[in-house]
Amino acid sequence: MSLKRTPLRDFHAEHGARLVDFAGWEMPVQYRSILEEHKAVRRAAGLFDVSHMGEVDVQGPGARAFLDSLVTNDVAKLSAGRVLYTPMCYENGTVIDDLLIYMRGAEDFFLCINAGNTPKDLAWLGDQAARFNAETGAGSVRITDRSAETALLALQGPAAAAILQPLTDVPLAALKYYHFTTGQVAGIDCVISRTGYTGEDGFELYHASESAPALAAALLEAGRPHELELAGLGARDSLRLEAGYPLYGHEISDQVSPLAGGLGWTVKLDKAAAFIGRDALRAEKANGSAQRLVFFKTGDRRIVRAESPVFSGEAGGAAVGRVVSGTLSPILGEAIGSALVDSAATDSAAQLWVDIRGTRLDLQLVKAPFVPLKKSTTL
């Protein structure tokens, strides 16, 4: 089966990217090195191709009510030009996907969804829209997949605004975190969103797929005086983990609820709209989650890989959880990660630990983010 390609596949190859299979897409995992790309984003800026993400229009007179019935966060509080981060759950409270909702107008929204979940999400949205329209009237909500025609570049880091501003007339200083607007960048029509997945200030630029190579080249040229680096999926993952951001299939999944996965702040159980999964999440909130997400560091450079068992207390006991994400923090110079652990084990005084090729490594539980971030970029 051939891999899908973003409009920037040839651009990546020309710039020396190492391309890998990611969720069925041929994507750059790194250019020079993950370590250097990660440090560049924290120090200056990095440019990421995230055109594999899905984009979906949700429109019609019932669009807001429809979305509010699907997601755990409160869509009713959105206004035009704002962005909302939210999980979308099954009836049992586990997560279908975590996504961004953009409000263009009272009857006009679009979603940014995870690449690997796009087919599943589209099927779910279609089924739920058919149900909603049957209840509220034909044409109340319309779902349109815009993924193939939309490319997405993420410019992330403390120098992002300085790089982007000369290319656009949009006053970037006036654009707040988790807000968006429209305008031209290097002569290309874009949705300019002050969002990102690295924990740094930055922008995500939605634009027509055919314009992606020209926009990437313009951003790269504008960024040269600011030490902008092309960055791949490897740095994107280590950056998001340092920031304490979840990754679908790891911290949250169709087996993990947003409450267990550390996203309780996104679950508005008392919002006016009933949403799919609310009853299950109410019960979990009342009774407590069986497992809890914890973040850890080790004081050691050896990476603790995902799926490694987590133990409690002395050797010889049963596992009390598993690692869901692990990497070497380029900023801290030690291994960091996250784990889903039995809640009782996190409440006890017993030390959590993992076994790395016969060596016990104690997990030092910490509160994310692992490195200082600007307050405005914490989810």
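The values are calculated or read from the model by the stated rules, or taken from the named source; none is laboratory data. Just so we're clear, the structure is a prediction, and the values are computed from it rather than from any experiment. For neighbour counting, all protein chains shown are included, and Cβ atoms are generated from backbone atoms with ideal geometry for every residue, glycine included.
Filter segment 133-178 for residues that are under 24 Å from PRO28 (Cβ atoms) and of a type in the set (S, T, N, Q) and give the result.
The answer is SER147, THR150, GLN156.
Name the single residue, out of those in segment 126-181 being among the β-branched types (Val, Ile, Thr) and over 30 Å from PHE275 (Cβ atoms), that is surrounded by the most Cβ atoms within 10 Å (Cβ to Cβ).
First, pick out the residues of segment 126-181 that are among the β-branched types (Val, Ile, Thr): 136, 141, 143-144, 150, 163, 168, 170, 181.
Of the ones still in play, those that are also over 30 Å from PHE275 (Cβ atoms) are 163, 168, 170.
Values: ILE163: 25, THR168: 19, VAL170: 18.
In this case the residue turns out to be ILE163.
Identify all residues within segment 349-379 that are under 13 Å from GLU314 (Cα atoms) and either hydroxyl-bearing (Ser, Thr, Tyr) or part of a loop (DSSP other than H, G, I, E, B) (or both); write none if there are none. Give the derivation first.
Our first condition is that a residue be under 13 Å from GLU314 (Cα atoms); within segment 349-379, this holds for 349-355, 360-362.
Listed by number, the residues that qualify are ALA349, ALA350, GLN351.
Just give me the residues in segment 205-250 being basic (Lys, Arg) and within 24 Å of ASN117 (Cα to Cα), in sequence order. Before you say what the answer is, go through the steps one by one.
As a first pass, look at segment 205-250 and keep what is basic (Lys, Arg): 224, 236, 240.
ARG236, ARG240 - these are the residues of segment 205-250 that are basic (Lys, Arg) and within 24 Å of ASN117 (Cα to Cα).
Could you grab me the full set of residues in segment 306-328 that are more than 20 Å from the chain's Cα centre (by Cα) and touching a residue at least 12 places away in the same chain (Cβ under 8 Å)? Quick ask: steps written out before the conclusion?
First, pick out the residues of segment 306-328 that are more than 20 Å from the chain's Cα centre (by Cα): 307-322.
Hits for segment 306-328 are GLU307, SER308, PRO309, VAL310, PHE311, SER312, GLY313, ALA315, VAL320, GLY321, ARG322.
Can you name every residue in segment 39-66 that is aliphatic (A, V, I, L, M), in a helix (DSSP H, G or I) and assigned by TED's automatic domain parsing to the domain that holds THR195? Please lay out each step first, then the result.
Let us first name the residues in segment 39-66 that are aliphatic (A, V, I, L, M), namely 40-41, 44-45, 47, 50, 53, 56, 58, 63, 65.
Those still in the list that are in a helix (DSSP H, G or I) too: 40-41, 63, 65.
Answer for segment 39-66, where residues must be aliphatic (A, V, I, L, M), in a helix (DSSP H, G or I) and assigned by TED's automatic domain parsing to the domain that holds THR195: ALA40, VAL41.
For segment 329-372, which residues satisfy the criterion of being free of Cβ contacts under 8 Å to residues at least 40 places away in the same chain, under 30 Å from ALA40 (Cα atoms) and out of contact with any strand residue (DSSP E or B) (no Cβ under 9 Å at 6 or more places or on another chain)?
GLY333, PRO372
Across segment 267-285, what is the total count of residues that are among the acidic types (Asp, Glu) and outside any helix (DSSP H, G or I)?
1
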